[in-house]
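Taken together, the values in this text are just the output of simple stated rules run on the coordinates, not laboratory data. These figures come from a predicted structure and were not determined experimentally. Cβ: placed from backbone, ideal geometry, glycine included. Neighbour counts: every protein chain shown.
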Amino acid sequence: MFDGAFSITVANKTDINFSSSSSYTITAWVKPNGTQSPFAGIVCKGPSYNHYSGYQLCIYGNNGLAQISSSSSSDTGDLIIQGNTVVTDGNWHLLTLVVMAHQSASLYVDSVLEVMKMDTNMIPDFQNTDPLFIGNERNGVDFFKGAIGDVIILGRALSPNEIQTRFHEGGWYSHPDTVVVIPPPQTGFIPGNFGTSQSIGCVCFPYEALNGQFLKDGSVGYACGAAGTMLRSHDSGITWQSMGNYTNENLYHISFYDLATGVVGGNNGALLRTTDGGNNWTPIGAPFQTVNGGLENIRDIKFIDDTHVIMVGGAGNTQNPPSDGFIMTSSDAGQTWTRAKTTSIGLYSIGFNPEGNIIRVVGSVGQILFSPDMGVTWNDQSITQAGDDFLAIDYCPLNNFSYGMGTTAYGTIYSDYGASWNQNGMGSSGVQSALRTVKLTSTTETWIAGDNGVILHSTNSGMSWSRADISNVSVNWNQIVSRDAHTLAFVGTNGTLYWYKY
């Protein structure tokens, strides 16, 4: 939410540095809150010292307004188009500016064309190299109050049919030219979406299931989600670009070993591989079984080293009785796969030590499987008396110390210092919510998150836990992603993302 004093500033990016020869689209869902400042900025690009030059989508009075300016010192030559639909009524509205080079600029409100202005000398007539502002006009004074969600800046003109489809589906428009902008991490919990639980989407990640990783230096990141969404960032997660659509299946995990080779997996045996950093993806076959008319679902997939990859899954989510599960391994960086084990219970998560030789996977009804030889053989360490569905596991990066946690009704945490598992910390009475993701950041510090906005933090190797919930956020957290040694991303339902920088 924007409170009338907060905005996001992003340095100039070539992809959105449009000139007079550019066709482009700017679109965003907005829910203004109360009276707005004149020219209350939604998406604006131009100099921060005045309101001239560049382009902007904003609120003026009670209506949506778009402006394209060519002068750096006056409003001479401005192209201004204003809608007539009231958008300050407390409801969500879709605003879309479509610019066709040397032809026209059009403003759509809720997929309806409100105004079009023809101009064969379409401005701006110079390269707009100034910053991008979300939630503030270019003059740095007229802030937006309310929610902004699902911002897209696209390097081509959307057609009326595409705008209408986007409005009625209320979903994400995925295209290789898509540029998604989120705020850079600062100290503490910093929001990475601008919607609420009722929002159509958000400016960062549009789907409930989003999982991903950053490579070792923290600058390159990858993410995947619902309906085949795959995103990539080259600037430490400040902007994200779509890697295209190769499947309509929900994708649950993506894993890269280096800047070139990666794999991604999801529902109905959806398995893709890239060798050029995500520019192109190839479907990969594997020995999946057919269950209930479809292939098994991949729930987790990870590179162990440069050649060894492991994936786990099952017939579906937790079922009663539990669905079958599988473990598959690859020794050629994901090109071919061997079915290493079939289980009677679905599997959810993979954890391994830094050397990669010790692997554990967890699943429904307290299932824990242990491999001491990089997935060649497997031993059962299940805690059948626990009755919990283990949804996540992680290893401390400095020793053989791991956590498994999850539940169907209440939060339970188990820790392992070697050969046995013990209920740890808050136990079964501490949290009445399922716990879905865990991240060990040192030998003593651990983060766990789950449903209803629950975030747990331990600084003493799990001996005690404190609640670290984010104020007024009650989404279900799907994954904690480590960007670097000092930054985490908490990702949850409704596209919610929070950076935590420490």
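A few notes on this one:
- Computed from the C-beta positions of Asn84 and Ser471 and an R0 of 35 Å, the FRET efficiency is 0.40 to the nearest 0.05.
- Contour minus Cα-Cα distance for Glu445 and Ser111 (0.36 nm per residue): 115.4 nm
- Inter-label distance, His486 to Arg156: 4.1 nm, where each label sits 7 Å from its Cα along the C-beta direction.
- When each of the peptides 139-151, 17-29 is scored by how many other beta carbons lie within 10 Å of its residues on average, the order from highest to lowest is 139-151, 17-29.
- Residues Gln432 and Ala260, FRET efficiency given R0 of 45 Å [Cβ-Cβ distance, rounded to 0.05]: 0.50
- Linear extension gain, Glu355 paired with His102, 0.36 nm per residue minus alpha-carbon span: 85.2 nm
- Mean-position separation - Cα centroids, segment 83-104 and segment 234-308, in angstrom: 36
- Asp15-Asn245 FRET efficiency (beta carbon distance; Förster radius 25 Å; 0.05 resolution): 0.85
- Proximity of backbone amide H atoms, modeled 1.01 Å from N, is registered between Tyr395 and Phe352 at under 5 Å, excluding neighbours fewer than 5 places apart on the same chain.
- Within segment 346-385, backbone nitrogen closer than 20 Å to the virtual label 7 Å beyond the Cα of Val291 toward Cβ: 346-351, 360-370, 378-384
- Gyration tensor verdict on segment 272-369 (Cα atoms; rounded if a/c is under 1.5, prolate if a/b is larger than b/c, oblate otherwise): oblate
- Rough spin-label spacing in nm, given labels placed 7 Å along Cα→Cβ, for His234 and Asn33: 3.6
- With the largest listed first and rounded to whole Å, the semi-axes of the equivalent ellipsoid of segment 239-319 from the Cα gyration tensor are 22, 15, 11.
- Between Val43 and Leu57, Gly135, the built amide H atoms are under 5 Å apart, and every one of these is 5 or more places off in sequence or on another chain.
- Our estimate of slack between Ser331 and Thr377, defined as 0.36 nm per intervening residue step minus the Cα-Cα distance, is 15.1 nm.
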